1. Only one residue in 139, 143, 126, 119 is in contact with an Asp or Glu (Cβ under 6 Å, 6 or more places away or on another chain) and of a type in the set (Val, Ile, Thr). Which one?
2. In region 793-810, which residue that is under 16 Å from residue 837 (Cα atoms) and open to solvent by less than 20 Å² (accessible area, probe 1.4 Å) is nearest to the chain's Cα centre (by Cα)?
3. In the list 267, 271, which residue meets the criterion of being within 23 Å of residue 155 (Cα to Cα) and hydroxyl-bearing (Ser, Thr, Tyr)?
4. Among (1) over 41 Å from the mean Cα position of the chain (by Cα); (2) open to solvent by 10 Å² or more (accessible area, probe 1.4 Å), where does residue 228 come up short?
5. Within region 542-561, is there a residue that is closer than 22 Å to residue 451 by Cα and open to solvent by less than 20 Å² (accessible area, probe 1.4 Å)?
6. Quickly run through region 320-331 and pick out the residues that are crowded, with 20+ Cβ neighbours inside 10 Å and not in a loop (DSSP other than H, G, I, E, B).
7. Could you check residue 196 against (1) under 18 Å from residue 144 (Cβ atoms); (2) outside any loop (DSSP other than H, G, I, E, B); (3) open to solvent by less than 20 Å² (accessible area, probe 1.4 Å) and say which number it fails?
8. Checking the conditions here, which among 263, 365, 287 is modelled with pLDDT of 95 or more, open to solvent by less than 10 Å² (accessible area, probe 1.4 Å) and farther than 25 Å from residue 220 by Cβ?
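The values are calculated or read from the model by the stated rules, or taken from the named source; none is laboratory data. All values derive from a computational prediction rather than experimental measurement. All Cβ positions, even for glycine, are placed from backbone atoms using ideal geometry, and neighbour counts span all protein chains on display. The area values use the complete protein model at the heavy-atom level, side chains included, leaving out ligands, DNA and RNA. Shrake-Rupley method; radii C 1.70, N 1.55, O 1.52, S 1.80 Å.
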Amino acid sequence: MAASQKLYAALLFHSLLLSMLPLKATSSARTQAEALIQWKNTLTSPPPSLRSWSPSNLNNLCNWTAISCNSTSRTVSQINLPSLEINGTLAHFNFTPFTDLTRFDIQNNTVSGAIPSAIGGLSKLIYLDLSVNFFEGSIPVEISELTELRHLSLFNNNLNGTIPFQLSNLLKVRHLDLGANYLETPDWSKFSMPSLEYLSLFLNELTSEFPDFITGCRNLTFLDLSLNNFTGQIPELAYTNLGKLETLNLYNNSFQGPLSPHISMLSNLKSLSLQTNPLGGQIPESIGSISGLRTAELFSNSFQGTIPSSLGKLKHLEKLDLRMNALNSTIPPELGLCTNLTYLALADNQLSGELPSSLSNLSKIAALGLSENFFSGEISTALVSKWTELTSFQVQNNNFSGNIPPEIGQLTRLQYLFLYNNSFSGSIPHEIGNLKELISLDLSGNQLSGPIPPTFWNLTNLETLNLFFNNINGTIPPEVGNMTSLQILDLNTNQLHGELPGTISDLTSLTSINLFGNNFSGSIPSNFGKNIRSLVYASFSNNSFSGELPPELCSGLSLQQLTVNSNNFTGALPTCLRNCSGLTRVRLDDNQFTGNITHAFGVLPNLVFVALNDNQFTGEISPDWGECKNLTNLQMGRNRISGEIPAELGKLARLGLLSLDSNDLTGRIPGELGNLSMLFMLNLSNNHLKGEIPQGLGSLTRLESLDLSDNKLTGNISKELGGYEKLSSLDLSHNNLSGEIPFELGNLNLRYLLDLSSNSLSGTIPSNLGKLSMLENLNVSHNHLSGRIPDSLSTMISLHSFDFSYNELTGPIPTGSVFQNASARSFIGNSGLCGNVEGLSQCPTTDNGKSSKRNKKVLIGVIVPVCCLLVVATIFAILLCCRKTKLLDEEIKRINNGESSESMIILVTSSIRKLSFDSFSPEVMKALTGYNKEMGNMA
């Protein structure tokens, strides 16, 4: 029995021993080494730094690159692979053998795919950093099983889905960084992580109010919720409970409401970033109690009122950014006590007043931004001379005045100097030429005068020079060629003169040159552009330049805008224009260019605006213009262009203005122009166009101005033209149009001009034109119009000029105020017109006319009853005659007594006379008198 028990015990021992062998094998250094080599072989181009990970080196695992071992077990305790250019996934990483692993760090590589759930088996893991990779998918719930974890960073990946609430099981986690992913809002009420010291959720897709669980994280020193869409107010508990916070980043959210005075309870705060929220109210004075504050970024909110003077208590403050708010005070002098300030930004507020002299104490200031305010007064030399550390000085868009202090030349570290849009006057200090590190200089929009200081041309690091909108005079010297770093040269709208030096062609870095609005003369150097391959904007307009454009002006094919209008340029255009596919705006108008433009421009898909008018171009309009799909403005007027208008122009769906006037164009107006639904101005005047006005033009509902004058157009004026709801000017004069003026033209909203003169129009002037109450100029002269000028035109109260001359009009001129001071020239050539205008015959006065009408009415009222009585008397006489047989004796007696049937008429007449004339009105008496006179005249 005892022997059997011993045998059983031995078997049990061996069984247990055998069962343990696989576990030890699984956890052995060799197994771990094989797992690492297997994973390495799945990587895309394993980095050379992992060369030690080799089967020939299996027994030397603890000396492998990036591997640390446990000193007791000699198994892997740490895998540190940051920034080794590892490209692959963790899908084939066998985590099972690494039972003693405490640190796994593969940050800043290109590892992609999902985070494997098997990572949750690393039960001893303390530090896990997978940041700055390309992991995708959701955060595996199994990570919550890493109960020893103290540091977890999944920062800057492509993770999505809801943040798992099970992360609350990681009770020992001190550092949690889930920032820069695509994570969504969980149920924050299920979270509780009181041990957190560092929490970053920045740059995700979180949309809730401030997460409540955070106010219970009393050990937090770093909190970053920025670049999400958190809403609501910042809770009071965030101020009162998080007293250990050193960094608070809530920027780029939708937090609103005022900033609590309890912010002073964040007494350990060193960095406060609340920018780009709709926070409002005043900045609390209590902010000055955060004595250790070094950075305060409150810009782009809606803070109002004053800048707290308590900020002067922040002796450690290095950066203060209050720009883009609604602050409306002066700068408190106390701000000069922040002597450690290196960055001060107050731009884009409503601040005013002069700069306090105490700011001279800011001797460490490197960047000072006061732009977009209402500051005034001079910038004193005492201030500028103390700011010797300045690299950026921006005070543009204020009301500063006086001279630019010469001491500005002492700021030798200055890289950006922006004084534009103020009221600085006097000459430009030559001391600015001492600023050898200057990159960008903008003095535009002031009242500066005198020449450009010669010292400027030694600023070889300068990339931007803006001096436009001043009164600067003088010339550009050859030394301009020294500024080889210059990219933007803008001297427009000054009084500069002379010729451009040839050395301007040496500015090979130029991307933009603007010299318009000066008095430059001569030609542009012929090699300008040859070596300037990146030139994008070039404007030489409104000068007195002459000669031809440089043939290689656009040889770099980077040109987007070219404006040389209003000069005296001659010759043909550079051939390279045809291939500048990036061109968006071209103005060559008002010069003396010649040459054939049929093929001068190719298909330019980005072109928006082109003006070629007022030159001497010849050739035809190329159908290629129809392929410039973004064109909104095409002006070719006043040249010598011939041929027909190509129907392809109807393909320019964005075209708003088309002007081809004063050329030698022939043929018909293409009906395809009716497809230009965005067109608001069409001018085809002064050409040789024939045929009828296309019906399709009636569909141009946005048209505001239509000028087809001085052509050979025939047919009737279409009533469809009355459908232009926005038309303010219509000129069809000097054609061969016939028929009547459409009644529908009175339905237009014309404001400036209606000119139908010098055609063959007939019929009457429609009274409906009287509805054009806003029209200023009306001309229907030199037609065959007949009838009267409608009285309704008297209601055209805005009419300043009108011409009805040389028609066949008759009757009186309307008597409204519009016509009271009319000139006879407006009516000459109409023999039937009359009125109170010098040169026209007088019409009957208005009173005589009315009296005549009344007389006629009275005469009718008197004559009709009299005639009725005469008829009755006649009938009565006839009846008497019929009784002559029976009453013969009596009739003879009546005859003997001298009576006859006429006595009855006399009786009736006397009855009329018995009517009391006193009962008639004077008008009736006058009418009767007039009637008697007329009867007398007839007799």
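1. Every option except 126 fails the conditions.
2. By that ranking, first place goes to 804.
3. 271
4. (1)
5. yes
6. 320, 321, 327
7. (2)
8. Of the residues listed, the single one that is modelled with pLDDT of 95 or more, open to solvent by less than 10 Å² (accessible area, probe 1.4 Å) and farther than 25 Å from residue 220 by Cβ is 365.
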